[in-house]
1. Can you give me the ranges of the strands (runs of 3 or more DSSP E) entirely in region 68-158 with at least 2 residues that are under 18 Å from the mean Cα position of the chain (by Cα)?
2. Does any residue of region 176-186 turn out to be part of a strand (DSSP E or B) and under 17 Å from the mean Cα position of the chain (by Cα)?
3. In region 344-390, how many are part of a loop (DSSP other than H, G, I, E, B), touching a Ser or Thr at 6+ places or on another chain (Cβ under 9 Å) and either within 27 Å of Ser420 (Cα to Cα) or not assigned by TED's automatic domain parsing to the domain that holds Leu255 (or both)?
4. From the list Val124, Val116, which residue is surrounded by fewer than 19 Cβ atoms within 10 Å (Cβ to Cβ), more than 30 Å from Pro303 (Cα to Cα) and β-branched (Val, Ile, Thr)?
5. Just to be sure I understand, how many residues within region 332-365 are surrounded by 19 or more Cβ atoms within 10 Å (Cβ to Cβ) and more than 26 Å from the chain's Cα centre (by Cα)?
6. With surrounded by 16 or more Cβ atoms within 10 Å (Cβ to Cβ), under 25 Å from Trp130 (Cβ atoms) and assigned by TED's automatic domain parsing to the domain that holds Glu165 as the only criterion, which of Val25, Val13, Val53 stands out?
7. Being touching a residue at least 24 places away in the same chain (Cβ under 8 Å) and over 21 Å from the mean Cα position of the chain (by Cα) is the filter here, so list the residues in region 400-411 that pass it.
8. Taking region 427-442, which residues are buried (at least 23 other Cβ atoms within 10 Å of the Cβ) and not in a loop (DSSP other than H, G, I, E, B)?
Amino acid sequence: MSINSINPANGQVIHSYQAHTPKEVNKIIEGTHQAWKKWKETPFSSRTKLLHVVAKILRNRKEELAVLMALEMGKPLQGGRAEIEKCADVCEYYAKNAERFLNDEPVDTDASKSYVSFQPLGIVLAIMPWNFPFWQVFRFLAPALMAGNAALLKHASNVFGCAIEIEKIIIEAGFPENLFRTLLIPGTEVDQVIENPLVQAITLTGSTEAGKKVAAKAASLLKKSVLELGGSDPYLILEDADLELAAESCVNSRLINSGQSCIAAKRFIVVKSIEKEFTELFRQKMAAKTIGDPMDNNTDIGPQARPDLRDELHQQVLKSIKLGAKCILGGEIPAGAHSFYPPTILTEVKKGMPAYEEELFGPVAAIISATDEENAIRIANDTAFGLGAAVFTRDLKRGEIIASRRLEAGSCFVNAMVRSDPRLPFGGIKESGYGRELGLFGIRELVNVKTVYIGE
């Protein structure tokens, strides 16, 4: 079976990959298990040195890896370069901190000695999406390897080239052969990998639908899973907000990765007294962004990753308009054999519309009017998702209370756009998933948290 990688900017086939057979997959898993049995005994000092080498390789190859992302999934070069830098940062972060995070923690009990120990689990299967083809992998891989685990990657089929390059980087850095392997398989064959008794845990970043299927399968086998799923992040713009800051932050967040990001701002909930002024500022800044060839350094917005995803987004826009939303920017598919979609703004968005209820995975902004702060918070929480949220107000104490106590999401920001940071835990609640990546909590998600008790 062959799987094609297609350039979303022009519809041309980049490369055709031969999928692994079930027999080859089982052989890979067995090899990874054998590599893990040795790797788990290596000292932190050895793991640290190798991860620093990975960071160096990433930075040295930043330009060519950015080009690869632009070709495979349409990410503009500036975004690709930033993504590779972030991957290097997360490698250096865990190289520096993993040993401290996983040191034994003494606990005072009636034992002569008792403590909590953090031990590797074995093989972690990562099921990863196309939108951040390097970052999504390294944010799980860096802590997994430092914790003494091995890893398998089932990447999205449109970015198999990126997946292969990640495996090459790990080998080039000096990690043991087979400790990390890429599986070139379609999504229909993931269940068989999860079923393999040598696979101990699963981490998935993707749609809520995909997460539910993987969670159900993992649970049926009593295997740990971590899920980072969809989002429809609300940004609250209160009456005392710095509107220039708010509009700039909102536009930049909405257009992360050409709008294809789970933590991109999607619903802009604006207090009515400043709605008109904010909307005009927002429209001007959205309209100023350049859509075009992702290989052009001046491009802000590249194509959507696939034509079907672009078409699905457009149908959500059209349905919202049919139900009463007003389109004040964009909303039309440009002609040509590509996957481009323009920056689009919908106003007068109400409950029951796709723009209110669903995740819009592309450069489409939904502006929702709120009467006051309480109404804005209610609307923000009126969603099945709970990944990120932000609030804009000049009153920092007010913003902090709303962010820390009132908004229902895994990450809440004040006067800034939601973003992941290696130093902070990241993940969602409700249909945005469970478990955490990054920071201290991220590395402890995929280890055996072991109680050790020594009597008299």
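The values are calculated or read from the model by the stated rules, or taken from the named source; none is laboratory data. Every value quoted in this text rests on a predicted model; they were computed, and no experiment measured them. Because the Cβ atoms are built from the backbone with ideal geometry, glycine has one as well, and the counts that use them run over all protein chains shown.
1. The strands (runs of 3 or more DSSP E) meeting that bar are 123-128, 150-155.
2. There is no residue in region 176-186 that is part of a strand (DSSP E or B) and under 17 Å from the mean Cα position of the chain (by Cα).
3. 11
4. Val116
5. So the answer is 2.
6. Working: Val13 fails: surrounded by 16 or more Cβ atoms within 10 Å (Cβ to Cβ); Val53 fails: under 25 Å from Trp130 (Cβ atoms).
Residue meeting the stated conditions: Val25.
7. Within region 400-411, Ile402, Arg406 qualify.
8. Ser432, Gly433, Glu437, Gly442
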